[in-house]
1. When residues of the range 78-88 are filtered for being over 17 Å from Leu48 (Cβ atoms) and either within 12 Å of the chain's Cα centre (by Cα) or assigned to a loop (DSSP other than H, G, I, E, B) (or both), how many remain?
2. Name the residues in the range 133-145 that are in contact with a Leu (Cβ under 8 Å, 6 or more places away or on another chain) and crowded, with 19+ Cβ neighbours inside 10 Å, would you?
3. Pull out all pairs, ordered by first then second residue, where Cβ-Cβ is under 8 Å, the residues are six or more apart or on different chains, the first lies in the range 70-96 and is over 11 Å from Phe172 (Cβ atoms) and open to solvent by 30 Å² or more (accessible area, probe 1.4 Å), and the second is at pLDDT below 90 and of a type in the set (Lys, Arg).
4. Going through Glu91, Glu74, Glu40 one at a time, which residue ends up being charged (D, E, K, R), over 30 Å from Glu119 (Cβ atoms) and within 17 Å of the chain's Cα centre (by Cα)?
5. In the range 42-61, what count of residues is obtained for those that are in contact with a helix residue (DSSP H, G or I) (Cβ under 8 Å, 6 or more places away or on another chain), over 23 Å from Gly150 (Cβ atoms) and of a type in the set (A, V, I, L, M, F, W, C)?
6. Of the residues in the range 17-53, how many are touching a residue at least 12 places away in the same chain (Cβ under 8 Å) and hydroxyl-bearing (Ser, Thr, Tyr)?
7. What are the pairs with Cβ atoms under 7 angstrom where one residue, in the range 148-167, is over 24 Å from Thr81 (Cβ atoms) and β-branched (Val, Ile, Thr) and the other, located anywhere, is open to solvent by less than 50 Å² (accessible area, probe 1.4 Å) and at pLDDT below 70? Sequence gap at least six, or different chains.
8. Please go through the range 53-77 and pick out each residue that is part of a helix (DSSP H, G or I) and of a type in the set (A, V, I, L, M, F, W, C).
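The values are calculated or read from the model by the stated rules, or taken from the named source; none is laboratory data. This structure is a prediction, so every number in the text was calculated from the model and none was measured. Positions of Cβ are backbone-derived with ideal geometry, glycine not excepted, and every protein chain shown enters the neighbour counts. Ligands, DNA and RNA are excluded from the accessible area calculation, which covers all protein heavy atoms including side chains. Shrake-Rupley method; radii C 1.70, N 1.55, O 1.52, S 1.80 Å.
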Amino acid sequence: TWRLRLIMLIRISGGIQGIKEYLENGKKQGRDFSRDELDERVILAGDLEATDVVIQRMVNDGEKYIHVTIAFKEDEIDRETMMAVAREFEEFTFAAYDKDEYSFYTEAHLPKIKSYTNERTGKFVERKPHIHFIIPKINLLSGQHLNPFGMVEQNEKFIDAFQEHGNNKFGFASPKENRRIEFTRESEII
């Protein structure tokens with residue numbers, strides 16, 4: 001897992017399976033709320049069913065998809081801005097690819113439940129708007145491995161430049177000025 005502050009805050013991780021279930025149902029340890037109770041889901045780009053089919057058909061060992069979560073400091077983000085962020089992120093991520101080479105799905109989660117106490121840890125969790133991006137790690141044309149971030153550590157300066165561009169363009173609070181103690185997929189306290 002790699003963590004970086006981008007536009008808002010970003011977390012890049014990966015997985016083998018279960019992302020469709022997580023996005024649709026929202027169940028995880030220490031939290032009994034369903035996705036429908038937790039969030040309003042707003043599809044920003046792609047098709048979750050089609051993306052899941054691509055993931056399920058992959059025969060490689062190890063991670064089959066990249067999961068990027070972008071969280072905001074702001075309590076409210078309008079849909080148009082989230083859509084614009086998703087488009088900018090897609091353009092940045094896939095600058096070296098043609099559209100028919102990759103599968104990409106993204107949805108925003110707008111919290112209905114703004115906070116809760118984690119039953120397992122007892123910690124208070126404050127929730128903010130956030131966006132999930134799912135990228136199967138396969139080039140749809142060649143069948144070869146696809147990893148648009150490459151060695152992330154070697155590309156930090158480019159991602160940092162994108163971060164500052166996004167902060168300025170969308171008027172978001174800069175993570176450099178608003179340090180966050182902890183970051184999780186629930187968009188905890190900033």
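1. If we filter the range 78-88 for residues that are over 17 Å from Leu48 (Cβ atoms), which is where we start, we get 78-81, 84-85, 87-88.
Cutting the leftovers down to either within 12 Å of the chain's Cα centre (by Cα) or assigned to a loop (DSSP other than H, G, I, E, B) (or both) gives us 78, 85.
Summing the residues that are over 17 Å from Leu48 (Cβ atoms) and either within 12 Å of the chain's Cα centre (by Cα) or assigned to a loop (DSSP other than H, G, I, E, B) (or both) in the range 78-88 gives 2.
2. Listed by number, the residues that qualify are Ile134, Ile135, Pro136, Lys137, Ile138.
3. Filtered contacts from the range 70-96: Glu88/Lys169.
4. Result: Glu91 is the single residue among Glu91, Glu74, Glu40 that is charged (D, E, K, R), over 30 Å from Glu119 (Cβ atoms) and within 17 Å of the chain's Cα centre (by Cα).
5. Adding up the residues that qualify gives 3.
6. Looking only at that region, the number is 1.
7. Final answer for the pair search is Val152/Trp2.
8. Of all residues in the range 53-77, those part of a helix (DSSP H, G or I) come to 53-57.
Across the range 53-77, the qualifying residues are Val53, Val54, Ile55.
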